[in-house]
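Engineer: Take this structure first; my questions come after.
The values are calculated or read from the model by the stated rules, or taken from the named source; none is laboratory data. Everything numeric here is computed off the predicted structure, so don't read it as measured data. For neighbour counting, all protein chains shown are included, and Cβ atoms are generated from backbone atoms with ideal geometry for every residue, glycine included.
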Amino acid sequence: IPGLPKLYLSSIVDLYDRSIVSYKLSLRNDSRLVDETLKLALKNNPGHVGMFHSDRGFQNTRPVFQKRLEYLGIQQSMSRVGHCIDNGPMESIQGILKDMLKILYPNIETIAQVRKSVKETINYYMNEYPQERFHGLTASEVREAAKATDEPVLYPIKENKRIKKYWEGID
């Protein structure tokens, strides 16, 4: 936003239901931002561990961060060098949030307004935004339904011809 300092969003997304399980905003893109986002994800989802996929940013490649994930029983996965497509789902969600933010809050003027509008945009994404992949359900609806059963619905992932073509070119 012109005239405002850059604000960094760190988020953790559950790829099953595209839910944003935690996020933090900061004026600094540093290790603390990623550490606090992970801490919040664990607090919001006690007893749930899995895989932590990320890019190869310095925050995620630090030995101390990698040891913390290992200690917590979380398997780390990172995108391949020079293959940003590996982070496609996360980049897609971030793009959706940016587009929503611009549409829902076109007149943001302060950092406080940015923080509030990001929170409200994530709430909208989670609870109001129907997703075609989920047959018109929201991320929150899919998440709650999955928690209520031992056999969650497996939603198909629509084929992306651009990505398919990309993968065909890799040996």
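Engineer: Restricting the first residue to the range 23-38 and requiring it to be in contact (Cβ under 8 Å) with a residue 12 or more places away in the chain, which pairs with a second residue that is among the β-branched types (Val, Ile, Thr) and in a helix (DSSP H, G or I) meet a Cβ separation below 8 Å and a spacing of at least six or different chains?
Structural biologist: TYR23/THR37; TYR23/VAL118; TYR23/ILE122; LYS24/THR37; LEU25/VAL114; LEU25/VAL118; LEU27/ILE111
Engineer: I need every pair where a residue in the range 115-140 that is farther than 20 Å from PRO89 by Cβ has its Cβ under 8 Å from the Cβ of a residue that is of a type in the set (A, V, I, L, M), sequence separation at least 6 or different chains.
Structural biologist: ARG115/LEU7; ARG115/LEU25; SER117/LEU101; SER117/LEU104; SER117/ILE108; GLU120/LEU104
Engineer: Is it the case that the range 14-21 has a residue that's charged (D, E, K, R), more than 14 Å from the chain's Cα centre (by Cα) and either closer than 30 Å to ALA145 by Cα or not in a loop (DSSP other than H, G, I, E, B) (or both)? Spell out the reasoning first.
Structural biologist: Initial filter on the range 14-21 (charged (D, E, K, R)): 14, 17-18.
Add one more test, that the residue is more than 14 Å from the chain's Cα centre (by Cα), and what stays is none.
No; the residues of the range 14-21 include none that is charged (D, E, K, R), more than 14 Å from the chain's Cα centre (by Cα) and either closer than 30 Å to ALA145 by Cα or not in a loop (DSSP other than H, G, I, E, B) (or both).
Engineer: Looking at this structure, is TYR71 hydroxyl-bearing (Ser, Thr, Tyr) and in contact with a helix residue (DSSP H, G or I) (Cβ under 8 Å, 6 or more places away or on another chain)?
Structural biologist: Values: hydroxyl-bearing (Ser, Thr, Tyr): yes; in contact with a helix residue (DSSP H, G or I) (Cβ under 8 Å, 6 or more places away or on another chain): no.
When the stated conditions are applied, TYR71 does not pass them.
Engineer: On to the next question. Quick one: count up the residues across the range 99-128 that are in a helix (DSSP H, G or I) and either more than 17 Å from LEU27 (Cα to Cα) or in contact with a strand residue (DSSP E or B) (Cβ under 7 Å, 6 or more places away or on another chain) (or both). Reasoning before the result, please.
Structural biologist: Residues of the range 99-128 in a helix (DSSP H, G or I): 99-104, 111-127.
Now drop any that are not either more than 17 Å from LEU27 (Cα to Cα) or in contact with a strand residue (DSSP E or B) (Cβ under 7 Å, 6 or more places away or on another chain) (or both), which leaves 99-104, 115, 118, 120-127.
Looking only at that region, the number is 16.
Engineer: Let me ask something else. Please verify whether VAL142 is modelled with pLDDT of 95 or more, of a type in the set (Val, Ile, Thr) and out of contact with any strand residue (DSSP E or B) (no Cβ under 7 Å at 6 or more places or on another chain), treating the condition exactly as stated. Spell out the reasoning first.
Structural biologist: Working: modelled with pLDDT of 95 or more: yes; of a type in the set (Val, Ile, Thr): yes; out of contact with any strand residue (DSSP E or B) (no Cβ under 7 Å at 6 or more places or on another chain): yes.
In short, yes.
Engineer: So which residues in the range 45-88 are assigned to a helix (DSSP H, G or I) and either of a type in the set (Gly, Ala, Ser) or touching a strand residue (DSSP E or B) at 6+ places or on another chain (Cβ under 7 Å) (or both)? Before the answer, list the steps.
Structural biologist: Of the range 45-88, the ones assigned to a helix (DSSP H, G or I) are 58-61, 63-72, 84-88.
Within the range 45-88, ASN60, GLN66, LEU69, GLY88 meet the criteria.
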